[in-house]
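Read-outs: derived from the displayed coordinates by stated rules, not from any lab. Keep in mind that this is a model prediction, so the values were computed, not measured. Here the Cβ is made from the backbone with ideal geometry for all residues, glycine too, and neighbour counts use every protein chain on show.
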Amino acid sequence: MKRNRLLSFFLIFSILLTGCGAQSSVGQEITRIADYTNDQSIDHTQNAYDVPVMQPNILVNRLGYEPDGQKVAIFRGDELPEEFHICDANTKDVVFTGKIKDERFDNYYKENDGFGDFSEFNEQGDFYIRAEGIGESYPFMIHDSLYYSLFCEACKRFYEIRSNKAGATSQDEGWVMEQSGQNKETLASRTLYMLLLSYELFPNAYTDDIGIAESGNGVPDILDECSYEASWILNRAASDPGEDVTAVAYRVAMLCKLYESYKTIEPTFSMTCLKEAQSSYKTLIGHAEVPLDERFMAEAELYRATGLGNLKALVEQYMTERLANPEGLVEADFFGVVAYLATAGKTDVTICDKAIKRIMDEAERIAANAGRENYFVFSEEASRNPESLFSKVVHMCVVNHVITNYEYNTVIENHFHYLMGRNPQGICHALGWNGKDLAPTDIFANPYQNAQFIFILSELISNND
């Protein structure tokens, strides 16, 4: 299965990197990604969230859909037709006709929207949608292993930003990112933590053959990538323990995750990670002002790794007080709770019950909120931009991993479709398609967002197997 997926990965992305061979909604040729990135006359600092020159009235996932997956298009217009038609992108022939249903007004965008479900259409190929009076959609694919292909591309982006693609040395700067110094370490540790949590929950999504220097060495490529960047962090910690408490807290938590992941793969490296996590924790508690949520996350991961009783008492004291507070869990709180619930050692049953109820209640709130929205995404934040959505979707992925709820999987997939083009601007935030031209991608350019995106894709891949 994974070998077939890998072949599909190279096939699909050879198509993507040549612009998908399709036309825009007004018959304009879409610029090829390769041409765009090589064109020095184009300002590559343009933000991918800029409003495109032309916004279609039929919104789809601009990458596409897997044959057996949910497929829903959004139609915008004051007077919507009763039917829509799926057309073959090459022949222009109509290959499927469906109904536009459930019209409702979106108060935020001040628009009338209808919905067309074409989940039963599972023919593979390149297509677009048209509807009388409102025009055509951007083109999209229906193809096996489409999500996996995008997943591999997202994972490989980290290899592409290495300072030394041949492997890590003490002189390496790790991943090349805009941030520098402590800010860079914070971003790197948070990103690694997200990738390692994804690997912990969804290991079957990861392979050893996506095409990096270490591919074929018997270790999942994502772990090779994590160890590459962690080597830079370990070297930095040895020479400069750090004054940025957030960087140190995430370093502790991340190294504990790496310790667990490498236990059976490379025990010596695994123990190096744990020892540095313990040393960094001493640095952390030596600071006068450490955010309680970040200290809790570090202590929860360290307790899970070591089973030390003094850490257990600290973690459970914090959880007892925090879970009694109705205020929503912030990122570090959530990660710490998940680490405690996953601990193989002794835990308090009452605290576990309260923690599970809290994260389940939050999942229900996210699902209910998204179900009321025309774009099917969590929209408590008025901006509805990708950055405001990621933490909620990651939360849903973790909960869905525990209980496997069809409704939750639908919520996760709907957020994915939104990121890939089924949003009011018709922007594909992961591949950079923005109207006629291609804009640089914000998700792939931001390591932490890319790690969150990988997390979402790993859940979808694992759940669709």
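Below are the figures for this structure:
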item: Ratio Rg/Rh [Cα only; Rh per Kirkwood] for segment 105-158; result: 1.10
item: Ranked packing of 304-312, 290-298, most packed first, by mean Cβ within 10 Å; result: 290-298, 304-312
item: For segment 393-428 versus segment 244-310, the gap between their alpha-carbon centres in whole angstrom; result: 30
item: Cut-off 13 Å (backbone N to label point 7 Å along Cα→Cβ of GLU173), residues of segment 206-249; result: none
item: Among the listed pairs LYS312/LYS392; LYS184/LYS275; LYS156/LYS184; LYS110/LYS354, those beyond 31 Å (Cα-Cα); result: LYS110/LYS354
item: Label point 7 Å beyond Cα of GLU103 along Cβ direction - residues of segment 70-93 with amide nitrogen under 14 Å; result: 75-84
item: Gain in span if fully extended, GLU111 to GLU407, counting 0.36 nm per residue against the direct Cα distance; result: 103.9 nm
item: Whether segment 181-221 is rounded, prolate or oblate, judged on the alpha carbon gyration tensor where a/c under 1.5 counts as rounded; result: oblate
item: Likely footprinting exposure, THR404, THR343, fewest C-beta neighbours within 10 Å first; result: THR404, THR343
item: Over segment 86-203, volume per residue of the alpha carbon convex hull, in Å³; result: 224
